[in-house]
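Notes follow the structure.
The values are calculated or read from the model by the stated rules, or taken from the named source; none is laboratory data. All values reported here derive from a predicted model rather than from experimental measurement. Neighbour counts run over all protein chains shown; Cβ positions are idealised from the backbone, glycine included.
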Amino acid sequence: MSSLVALAWFLLILGLALAFLELILPTGGILLALGGTAAAGGIVTGFFDMPSTGWTLLVTTMFLSPVAWFAFFWLWPHTPLGRRFFLNPPGPDTTFDSQPSLQSLHNLLGRNGIATSHLRPSGVAEFDGKRIDCISEGMMVAPGTSVRCIRVAGGKVFVRPTDSAPAPLEAPPLTQDLEFDIYKD
């Protein structure tokens, strides 16, 4: 093995080692750039020795580069720098729905109540003597209508009118009789 071949392989291995050191030492990409330069220098040195050596190093680099990038992105979130770079997902007790005042709303699921105001589509309904802000499923609901809680999400209570008949709405009495005899003979 000639000294140029040994130097070419050394530069290629040094380039890969520097690229992996970038995972451990947060140098802002400096070691990665030096590793890429060393690997490119190893390939050029291999071509100076013999074209077959250069092609061998180039094909080896083309095969190892995707493997190295895959390993980099798979390992990097577990390194000290990667842990500082990526945010941790919020825990189950830090979300909006986990507030104690909103936890009691989940007890309303499937329960029946009475609309105490017009739900157009939002309004107020009474469940077990408590007035709760509700949202109907896009339809108007008259006061006195029986409603059922179908969903609780984001602190909002969604209701649907039940099959029971709503309280009758009374029309205001007419003060005079109106006749519409348009088609008189």
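Tabulated data
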{"read-out": "Candidates V5, V67 - the one that is loosely packed, with under 13 Cβ neighbours inside 10 Å and either in a helix (DSSP H, G or I) or touching a Pro at 6+ places or on another chain (Cβ under 7 Å) (or both)", "value": "V67"}
{"read-out": "Filter pass, T27 being in a loop (DSSP other than H, G, I, E, B) and either out of contact with any Ser or Thr (no Cβ under 6 Å at 6 or more places or on another chain) or under 30 Å from R131 (Cβ atoms) (or both)", "value": "yes"}
{"read-out": "Condition check for T37: touching a residue at least 12 places away in the same chain (Cβ under 8 Å) and surrounded by fewer than 16 Cβ atoms within 10 Å (Cβ to Cβ)", "value": "yes"}
{"read-out": "The stretch 122-139, residues that are surrounded by 11 or more Cβ atoms within 10 Å (Cβ to Cβ) and modelled with pLDDT under 90", "value": "E137"}
{"read-out": "Flag if V152 is without any contact (Cβ under 8 Å) to a residue 24 or more places away in the chain, aliphatic (A, V, I, L, M) and not assigned by TED's automatic domain parsing to the domain that holds G29", "value": "no"}
{"read-out": "Scan of the stretch 40-59 for residues that are of a type outside the set (A, V, I, L, M, F, W, C) and surrounded by 14 or more Cβ atoms within 10 Å (Cβ to Cβ), ordered by number", "value": "G41, G42, T45, G46, D49, T53, G54, T56"}
